[in-house]
Amino acid sequence: MASRSSEMYMGRKPSPATVTQRQRFMTLSLFDTMAREKRTFVPQNPERVTIYVCGPTVYNYAHIGNARPVVAFDVLFRLLRHTYGEDAVIYAANVTDVDDKINRKAAEEGVDISVITERYLTIYNADMATLGALPPTFQPRATETIEAIKDMIGRLVAKGSAYAAEGHVLFNTQSFADYGKLSGRSLDDMIAGARVEVAPYKRHPADFVLWKPSKQDEPVWDSPWGAGRPGWHIECSAMIEQTLGLPIDIHGGGNDLIFPHHENELAQGVCAHDGHDVGYSNYWLHNGFLNFGDEKMSKSLGNVVLVHDLVAQAPGEAIRWALLIGHYRQPLEWSGTLIEQARKNLDRLYGALRRSSEVEVLDLPPAASVMAALEDDLNTAQAMAELFALAGQVETEKGEVRARARAELLASAQLMGFLTQDPDVWFMGGVDEATRERIDQLVADRITARAAKDWAAADLIRNELTALNVEVMDSASGATWRIKEPV
Ligand code: AMP
Ligand code: ZN
């Protein structure tokens, strides 16, 4: 079984495609954790491309590290939609809404767990939208998947891949010869590495929980194995089966999830199905960690920068740019200067757009250079360099070449979730409400001073506007103003 099935998990062989499909679809290559190398992406069905990414546990605010997989896989989602068509890509990103930490928080506040999960899920979705992440097709929740979870556990028990013991149901790791393939660990390594005391009802130290009794005041559901609640790993397998169907094309998440979470998902998903040849996911993608001050950013370490605070301080596009400045598989060092850098980079692109607003608008697809970068395992850093090259052409070229560069710059940047605003609105982004009112007042006062031929007053006002980085455009119908680009 092992040799046959392991080939299957490395991905299915491409089915014969028509010549046009091949030309259109062949170029995307993705680093697959299972294969440990880049592989050409071939979906099972180009009209129904499926992707699943493990989402947050909603018990408090997400930190900027949690946003990294969301934004990285959003780029992939956008690229797939561009290639296969918007309706052809089905993306599920789950929400874990049953968890010890949620229970603790609900108990602290003396409210039902749904109060906690609704509150933080609403904030999470709004903040991720500010970062330009498209809503996934499905956002399944554990609490809404309980029947599917119980059904899957039942099948695993019936097949001998799981067993009930003392109110728990455990996955029988020894029943799955390929257990450990994704993370590259053997069952023997896992015994040696087992640090925690192994529960006496486990047949093997690596066996993991599918169902467990609920503690007092925890949410509880009836089941054939006793009242209780699901383990974490089975949630994802059941949600994938319910929302997308197995096998899926791409499974993503942070690289902390490779073991045990994804290893366990894979084992359950494969064993719950007839004949081990169905597979679970044909490509496994994992993002590197976002670090902050020598350590990975994590709630348990307490070194977190919250997305909810950042979106109040900087434009969502700048935060998105900062997250995509490095390759998604590499570690990313977070710092305040990263957003400043991102803002400057975007100023440059928006500046090129603003200085060319009179140029003829052409409807062109994204530039081939940007597509090539993104299709090379989502090389966003290279894609950004290509955007600068296009902006350079917009600044220096003339006529048709300039118009083409501008159209390609817009299409390429928008494919990545950038340049979504009017340039004037972008440059206004740093101006708060009070300052805006002050500028409006100064512009009006200047008109009055000039009408009264009070040139000294008009000069003083102009100096103040200059200090605020404001440029006033006089016209027959009055005066408008805009924020100049920072120099
Ligand atoms: P959690 O809410 O901790 O379960 O994490 C939600 C998602 O964020 C998972 O895909 C994690 O792998 C990912 N994640 C958590 N912390 C970081 C980090 N510091 N850098 C990158 N990804 C992270
Ligand atoms: Zn998961």
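The values are calculated or read from the model by the stated rules, or taken from the named source; none is laboratory data. In this text the structure is predicted, and so the values were computed from the model without any measurement. Here Cβ is always computed from backbone atoms with ideal geometry, including for glycine, and neighbour counts include all displayed protein chains. Only protein heavy atoms, including side chains, enter the accessible area calculation; ligands, DNA and RNA are left aside. Shrake-Rupley method; radii C 1.70, N 1.55, O 1.52, S 1.80 Å.
Please find, within region 146-182, the residue that is surrounded by the most Cβ atoms within 10 Å (Cβ to Cβ) out of those that are among the acidic types (D, E) and within 33 Å of the chain's Cα centre (by Cα).
Within region 146-182, the subset among the acidic types (D, E) is 147, 151, 166, 178.
Next cut, within 33 Å of the chain's Cα centre (by Cα) only: 147, 151, 178.
Numbers: E147: 11, D151: 15, D178: 19.
So, considering only residues that are among the acidic types (D, E) and within 33 Å of the chain's Cα centre (by Cα), the one surrounded by the most Cβ atoms within 10 Å (Cβ to Cβ) is D178.
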Within region 435-457, residues closer than 19 Å to I483 by Cα and open to solvent by less than 70 Å² (accessible area, probe 1.4 Å) come out as T435, I439, L442, V443, A444, D445, R446
Among residues of region 333-354 being in contact (Cβ under 8 Å) with a residue 40 or more places away in the chain and among the acidic types (D, E), the residue surrounded by the most Cβ atoms within 10 Å (Cβ to Cβ) is D347
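Which residues, taken from region 250-298, are part of a helix (DSSP H, G or I), of a type in the set (D, E, K, R) and surrounded by fewer than 23 Cβ atoms within 10 Å (Cβ to Cβ)? Quick ask: steps written out before the conclusion?
If we filter region 250-298 for residues that are part of a helix (DSSP H, G or I), which is where we start, we get 255-271.
Narrowing the set further to residues that are of a type in the set (D, E, K, R) leaves 256, 263, 265.
Within region 250-298, D256 is the sole residue that qualifies.
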Condition set assigned to a helix (DSSP H, G or I) and among the acidic types (D, E), scope region 225-249, selection nearest to ligand 2 (Cβ to nearest atom): answer is E235
The number of residues in region 156-174 that are modelled with pLDDT of 95 or more and in contact with a strand residue (DSSP E or B) (Cβ under 9 Å, 6 or more places away or on another chain) is 11
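Condition first: under 16 Å from G316 (Cβ atoms) and at pLDDT 95 or above. Can you find one or more residues in region 117-124 that meet it?
Step one: filter region 117-124 for residues under 16 Å from G316 (Cβ atoms), giving 123-124.
With at pLDDT 95 or above added as a condition, the list becomes 123-124.
Among the residues of region 117-124, at least one is under 16 Å from G316 (Cβ atoms) and at pLDDT 95 or above, which makes the answer yes.
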Over region 299-318, the set of residues open to solvent by 40 Å² or more (accessible area, probe 1.4 Å) and either near ligand 1 (Cβ under 9 Å from one of its atoms) or part of a loop (DSSP other than H, G, I, E, B) (or both) is K299, S300, L301, G302, V304
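In region 456-487, how many are assigned to a loop (DSSP other than H, G, I, E, B) and over 37 Å from the mean Cα position of the chain (by Cα)? Walk me through how you get there before you give the answer.
At the first step, the residues of region 456-487 found to be assigned to a loop (DSSP other than H, G, I, E, B) are 468-469, 476-477, 484-487.
Now drop any that are not over 37 Å from the mean Cα position of the chain (by Cα), which leaves 476-477.
The total comes to 2.
Pick from region 203-224 the residues that are within 16 Å of ligand 2 (Cβ to nearest atom) and of a type outside the set (F, W, Y): which of them is least open to solvent (accessible area, probe 1.4 Å)?
Start the filter on region 203-224 by keeping residues that are within 16 Å of ligand 2 (Cβ to nearest atom), which leaves 208-210.
Narrowing the set further to residues that are of a type outside the set (F, W, Y) leaves 209-210.
Numbers: V209: 36, L210: 0 Å².
That would be L210.
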Taking region 355-376 and keeping residues buried (at least 16 other Cβ atoms within 10 Å of the Cβ) and in a helix (DSSP H, G or I) leaves S369, V370, M371, A373, L374, E375
Considering residues that are over 30 Å from V307 (Cα atoms) and either among the charged types (D, E, K, R) or away from ligand 2 (no atom under 15 Å from the Cβ) (or both), the number found within region 273-294 is 8
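Would you tally the residues in region 62-112 being in contact with a Cys (Cβ under 9 Å, 6 or more places away or on another chain) and closer than 30 Å to A411 by Cβ? If you could, list the steps in order and put the result at the bottom.
First pass over region 62-112, keeping only residues in contact with a Cys (Cβ under 9 Å, 6 or more places away or on another chain): 69, 93-94, 96.
Applying the additional criterion that residues be closer than 30 Å to A411 by Cβ yields 69, 93.
Here the count works out to 2.
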Note: among N45, N60, N66, N94, just one is in the same structural domain as I258 (by TED's automatic domain parsing), within 16 Å of ligand 2 (Cβ to nearest atom) and open to solvent by 30 Å² or more (accessible area, probe 1.4 Å), namely N66
R185 vs (1) open to solvent by 20 Å² or more (accessible area, probe 1.4 Å); (2) in a helix (DSSP H, G or I): all pass except (2)
